[in-house]
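A.B. asks: I'd like to ask you about the structure that follows.
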Amino acid sequence: AFLPPLPEGEPLNRLGLARWLLRPDHPLTARVTVNRIWQQFFGAGLVNTPENFGMQGGMPSHPELLDHLARSFIDGGWNIKALCRRIVLSATYRQDSRATAALRERDPANRLLARGPSGRLAAESIRDLALQAAGVLDATAGGPPVSPYQPGGDLWRESNSMSPGYRQSTGTALYRRSLYSVRKRTAPLPNM
């Protein structure tokens, strides 16, 4: 009952559903998106059950903050880059991650946001940051996957001898973001 009704005249298909989900007065979509982005920066969302925003999910630790960020996200045209900038420039994010023993005992999960995040970056993020710092990151968006450096072809075929041989990319493709790297569950990239 708390969700807005489907608009009159909208088609009853995926397009109508998408338009309904992205309505400015729809309370859920922006909150879920903001919560997941917040979780990437802090290790935990403002709602600690990101997979369940329903009645059985957790309550937001800071509901006013979640609502404020969701509203500014919608008003800003659903701009993810602006939302990320807003979070990382906030006093909450820029706090020192060190805490006294008393604070860690009182709030081990940092639900009070009394200290900065102390999570670690994923291997792919570290690789991309290293390439960026070296000035060689190829920021081309989209396109075919790339096969980064890998010692020989033995690692690729070791887990499955039926696999075709590994063909390493050449040129600037070697320096594309890790998002575009070919992955194989049975043989993860050794540089990760």
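The values are calculated or read from the model by the stated rules, or taken from the named source; none is laboratory data. What you see is a predicted model; the values in this text were computed from it and never measured. Cβ: placed from backbone, ideal geometry, glycine included. Neighbour counts: every protein chain shown. Remember, those area values only see protein heavy atoms, side chains included, never the ligands or the DNA or RNA. Shrake-Rupley method; radii C 1.70, N 1.55, O 1.52, S 1.80 Å.
A.B. asks: If amide hydrogens are placed 1.01 Å from N in the peptide plane, which non-local residues have theirs closer than 5 Å to the one on V146?
C.D. replies: S181, V182
A.B. asks: Around R115, which amide H atoms from residues at least 5 apart in sequence, or from another chain, sit under 5 Å from its own amide H, with H modelled in the peptide plane?
C.D. replies: Under 5 Å from the amide H of R115 lies no amide H from a residue far enough along the sequence or on another chain.
A.B. asks: Also, I was wondering about something else. Amide H to amide H, which residues 5 or more places from R176 or on other chains are under 5 Å from it, using H placed in the peptide plane?
C.D. replies: HN-HN under 5 Å from R176: D138.
A.B. asks: Something else about it: Can you tell me which of 120-126, 24-30 comes out highest on packing, and rank the rest after it, using the mean Cβ neighbours within 10 Å?
C.D. replies: Taking the mean over residues of other Cβ atoms within 10 Å, the ranking is 24-30, 120-126.
A.B. asks: How many percent of the accessible area of region 89-145 is carbon or sulfur, using a 1.4 Å probe?
C.D. replies: Carbon and sulfur: 56 percent of the exposed surface of region 89-145.
A.B. asks: At 1.4 Å probe size, put W20, W78 in order of accessible surface, largest to smallest.
C.D. replies: Output order, biggest surface exposure first: W78, W20.
A.B. asks: Expressed as a fraction of 2.2 N^0.38 Å, the rule-of-thumb size for a compact globular protein of N residues, what is the C-alpha radius of gyration of the chain?
C.D. replies: Normalised Cα radius of gyration, the chain: 1.33.
A.B. asks: Which FRET efficiency, nearest 0.05, do L179 and A91 yield, Cβ-Cβ r, R0 35 Å?
C.D. replies: Result of the calculation: an efficiency of 0.70.
A.B. asks: Can I ask one more? Pairwise over distinct Cα atoms, reciprocal of the mean inverse distance: report the Kirkwood radius of region 53-124 in Å, one decimal place.
C.D. replies: So the Kirkwood estimate lands at 14.4 Å.
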